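Heads up, the thing below is written out as structure tokens.
What follows is calculated from the coordinates using simple rules that are stated; it is not laboratory data. Just so you know, these numbers come straight off a predicted model, no measurement behind them. Because the Cβ atoms are built from the backbone with ideal geometry, glycine has one as well, and the counts that use them run over all protein chains shown.
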Amino acid sequence: MNGPYVGNRAARLARACARGLTLAEMAIAIAIAALIAFVAVPQYKDYQERVRVAQAIYEIGDMNFRLQQRLDETRVTPADLSEIGQQSKKDPWGRPYVYQSLAGKGVAGKARKNKNLVPINTYFDLYSVGKDGATVAPLTAPVSRDDVILANDGRFIGLARDYE
């Protein structure tokens, strides 16, 4: 089997390897890479958003615990987040968390409200305005659906669209 055919075959194989990729092979490789990117990038962005929401839920839960502790100690609703050392705390989207005491006259109108326009908390509202950075008091408004909220005096912390 060491005849001239084997030598020619080896020479052809060596030339094919040295030649590199053809234009068609290169186009197929680029198409496969583009398809993978087309699928992977949106999935990664969704994952990043879920992580930001989870972080906001955790941070709101922590601040709620501190606010409740302060409320139990003083029997007075904290006026702002500085009373628990969280006045400069930013949400995962880089905006300050919103805190509003519901104690006093005239503040009930500013409270966050559910689909029946009933305030969702008794003592204070605490939330992040979410990805879009916009919000209004009723949770059913489209700009409020991505807010991460505290509701039912801390028994619910999550996206406004998930609150019922």
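Odds and ends about this structure:
- Extension reserve of the residue 164-residue 31 stretch, reckoned as 0.36 nm per residue once the Cα distance is removed: 43.4 nm
- Table column - 3J(HN,Hα) (Hz), segment 149-164, Karplus curve with 6.51, -1.76, 1.60, x for Gly and Pro: 10, 9, 9, 6, 6, x, 7, 10, 9, x, 5, 4, 5, 8, 8, 9
- Alpha-carbon Debye profile of segment 42-162, log10 I(q)/I(0) at 0.10, 0.14, 0.19, 0.21 Å⁻¹: -0.28, -0.56, -1.02, -1.23
- The count of lysine pairs in segment 42-162 whose Cα atoms are under 21 Å apart, excluding pairs fewer than 8 places apart on the same chain, comes to 6.
- The angle separating the long axis of helix 4-19 from the principal Cα axis of greatest extent in the chain is about 30 degrees.
- Mean separation of Cα contacts under 8 Å (6+ apart) over length of the chain, as relative contact order %: 16
- With a Förster radius of 45 Å applied to the beta-carbon distance between residue 141 and residue 39, the computed FRET efficiency rounds to 0.85.
- Ranked packing of 43-54, 77-88, most packed first, by mean Cβ within 10 Å: 77-88, 43-54
- Computed from Cα positions, the angle between helix 23-74 and the longest principal axis of the chain comes to roughly 20 degrees.
- The charge dipole of the chain, taken about its Cα centre with unit charges on the Cβ of Lys, Arg, Asp and Glu (plus for the first two, minus for the last two), comes to roughly 700 debye.
- Charge tally in the Cβ shell below 9 Å around residue 96, where Lys, Arg are +1 and Asp, Glu are -1, residue 96 excluded: +2
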